[in-house]
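K.L.:
I have a structure I would like to understand better, so I am pasting it below and will then ask my questions one at a time.
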Amino acid sequence: MDHAPFLERALAIVPRDDTYIVERVSGRLPAFLRGTYYLNGPARFSRGPVKYDHWLDGDGLVCAVVFGGEDGVRITHRFVRTRKLSEEEAAERAIYRTFGTAFPGDRLNRGVALESPANISVYPFAGTLLAFGEQGLPSELDPIALETRGLFTFRGALTDVTPFSAHPKRDAATGELINFGVSFSAAHPMLNVYSFAAEGTLNWRRRLPLDAPRTIHDFAVTARHIAFYASPYVLDAAAIVRRGRTVMDALSWRPELGTRLLVLSRETGDVIASIPLGGCYCLHVVNGFDDGGDLVVDVIEYERPIYEQYRVMPELFTGVGRGRPVRYVAGADGVVHRRAAIAYSHAPDFPTTDPHDASRAYTEFWMLGISATGQPGRKFFDELVHADWSRPDRPDVYRDAAGRFFAGEPAVVSDPSGREAPVLICPMCDAEHGRTVVAIFPARDVARGPIASVELRNPLPPLFHSYFVAS
């Protein structure tokens, strides 16, 4: 059964670079909603005769939705002009192997790594805007025009093959940026951890041995700790370099290795604890914080990895399994003393919190879900969820109609004065009619539905991660 009718139409959209003003808004935008909602994700899934198989293969497209202007809502979207995109456009053919697609004569960056399409996430840092791919250095963008300036090397401290993840964490008080990357050597796999000052210079770098080349996509940072949910999802780098395999085909699920919570000192980067957690999988982390002497890490936990559900395009999530938000509380003795879960298991993903709650004790967060989880057939994100750790059995859920989907990570915006309730920004896609809107929901009552929406002149495909920058 097809639970995502017309999804192929949405994924086939290839928008052109554009900037324009939307003057008419459906509903009422709250007066405090002033700032830019950034969104990044893969778009364009073919080049010449090569058709990409995996959702992570598309070239990165960054969109900026600017609220609060006197003349309306300004929309800008541009493809990230990576080396991959520039060379392939000039050659009018595919050149580089992607995450899930290999083809005769394809190339790697320096023969050892994927050429990043910069298609995962977007973050402001050091006075600029950075677009990240799954691994590799980010591309620097103009924060307003979204024009690409080139690779951001952190003042020359890193190179284009430095392991670097797509989910850095920024300290709002100090401006410090913390990130990591995995070196996937079979003999000596390493976890690289980095700290950068607010202006972009490297504070320190640590190289920590791993027991296996585990893939780690996201992590948590608290006032005192850096924590990694290290799943037994292992990458055979030699299969990519020597045997022409894709990253997707070089991954293997090794539950016998077990899952571990690696805990580091935030101050020094040294390992404090390695705590066994069983044998589950985590792609995205919700948040983490210190609670007295305890470390609290909240994750979206699955029984198996999710990347295999991102192919073959456009038949996505055909066998997606259940997952749920899970809270782990670890003591100073290096033991998990409590595990709790939210009562929502519809393949949740793209969790987000109020930016003011990052690395702090909190209760509320938001995420997307797939209502037909557990049923056969193609599916996509059609539920928006507000969850609260203080009432874990009562999530607040909005489900969209058939053929309509959520098209990117939501972002919560609070009223600085505290007089009005927070709102949630989330893009939505009407795949049947080729429409994209940026919808505004009451953040604490998403089941009520959108209170306002901005329709884009040019529809966009479903994208990935977002970030909101207040004016």
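Please treat every number below as a calculation from the coordinates, not as lab data. For clarity, every value in this text was computed on a predicted model and none was experimentally measured. Glycine gets a Cβ as well: all are built from the backbone with ideal geometry, and neighbour counts include every protein chain shown.
K.L.:
Could the peptides 256-263, 456-463 be put in order, highest first, of the mean number of other beta-carbon atoms found within 10 Å of their residues?
P.N.:
The packing order, highest mean first, is 456-463, 256-263.
K.L.:
Over the Cα atoms of segment 7-470, compute the convex hull volume and normalise it per residue, giving Å³.
P.N.:
Values: hull volume 64.6 nm³, N = 464.
Convex hull of Cα atoms, per residue: 139 Å³.
K.L.:
On alpha-carbon atoms, Rg over Rh for segment 312-366 using Kirkwood Rh? Numbers along the way, then the final one.
P.N.:
Working: Rg = 15.2 Å, Rh = 14.0 Å.
Ratio of gyration radius to Kirkwood radius for segment 312-366: 1.09.
K.L.:
What order, most packed first, do the peptides 398-405, 68-75, 216-223 have when packing is the mean number of other Cβ atoms within 10 Å of each residue? Please list the in-between numbers first.
P.N.:
Working: 398-405: 17.9, 68-75: 14.2, 216-223: 21.6.
Going by the mean number of other Cβ atoms within 10 Å, highest first, we get 216-223, 398-405, 68-75.
K.L.:
Something else about it: Where a Cα-Cα gap under 25 Å defines reach, which lysines qualify for LYS51, not counting those fewer than 8 residues away within the same chain?
P.N.:
Result set, ordered by chain and number: LYS84, LYS379.
K.L.:
For ASP249 and TRP204 in one chain, what is 0.36 nm times their gap in residues minus the Cα-Cα distance, to one decimal in nm? List each step's numbers first, then the result.
P.N.:
Values: separation 45, 0.36 × 45 = 16.20 nm, distance 3.38 nm.
Length gained, ASP249 through TRP204: 12.8 nm.
K.L.:
Still on this model: Can you list residues whose amide H is under 5 Å from HIS54's amide H, if they're 5+ apart or on another chain and H is modeled 1.01 Å from N?
P.N.:
Close amide H contacts, sequence-distant or interchain: GLY100, MET313.
K.L.:
Under the Karplus relation 6.51 cos²θ - 1.76 cosθ + 1.60, θ = phi - 60°, what is the ordered set of whole-Hz ³J(HN,Hα) values for segment 329-339, x standing for Gly and Pro?
P.N.:
Values, residue by residue: 10, 10, x, 5, 7, x, 10, 6, 9, 8, 10 Hz.
K.L.:
Using amide H atoms built 1.01 Å from N in the peptide plane, name the residues 5+ places from ASN109, or on other chains, whose amide H lies under 5 Å from its own.
P.N.:
Residues meeting the criterion, in which the H sits 1.01 Å from N, are LEU114, GLU115.
K.L.:
If we count other beta carbons within 10 Å of each Cβ, what is the order of ASP142, ASP354, fewest first? Before the final figure, lay out each step's value.
P.N.:
Values: ASP142 13, ASP354 18.
Listed from fewest to most nearby Cβ atoms, that is ASP142, ASP354.
K.L.:
Would you mind counting up the charge near ARG224? Only other residues with Cβ under 14 Å from its Cβ, with Lys and Arg at +1 and Asp and Glu at -1. Could you put the intermediate results ahead of the total?
P.N.:
Numbers: positive: LYS169, ARG266, ARG360; negative: ASP171, GLU176, GLU267, ASP270, ASP290, ASP291, ASP294.
Every neighbour counted, the sum reads -4.
K.L.:
Remind me, relative contact order of segment 7-470 in percent, using alpha carbon pairs under 8 angstrom and six or more residues apart?
P.N.:
Values: 1262 pairs, mean separation 63.8, N = 464.
Computed value for segment 7-470: 14 percent relative contact order.
K.L.:
Let me know the Rg and Dmax you get for segment 339-394 when you use only its Cα atoms, in Å.
P.N.:
12.7, 39
K.L.:
Going by Cα centres, segment 191-218 and segment 235-307 are how many Å apart?
P.N.:
About 14 Å separates the Cα centre of segment 191-218 from the one of segment 235-307.
K.L.:
Related question: Give me the three principal axis extents of segment 1-153 from the C-alpha atoms, as integers in angstrom, largest value leading.
P.N.:
In descending order, the Cα extents are 54, 46, 25 Å.
K.L.:
Something else now. Would you mind pulling out the separation of the Cα centroids of segment 310-377 and segment 51-68, in Å?
P.N.:
Each part reduced to its Cα centre gives a spacing of 22 Å.
K.L.:
How big is segment 101-209 on each of its three principal axes, counting only the C-alpha atoms and giving the largest first in Å?
P.N.:
Computed over the Cα atoms, the extents are 46, 37, 21 Å.
K.L.:
How big is the Rg/Rh ratio for segment 203-320, C-alpha atoms only, Rh by Kirkwood, two decimals? It would help to have the intermediate numbers written out before the result.
P.N.:
Values: Rg = 15.8 Å, Rh = 15.7 Å.
Rg divided by Rh gives 1.01.
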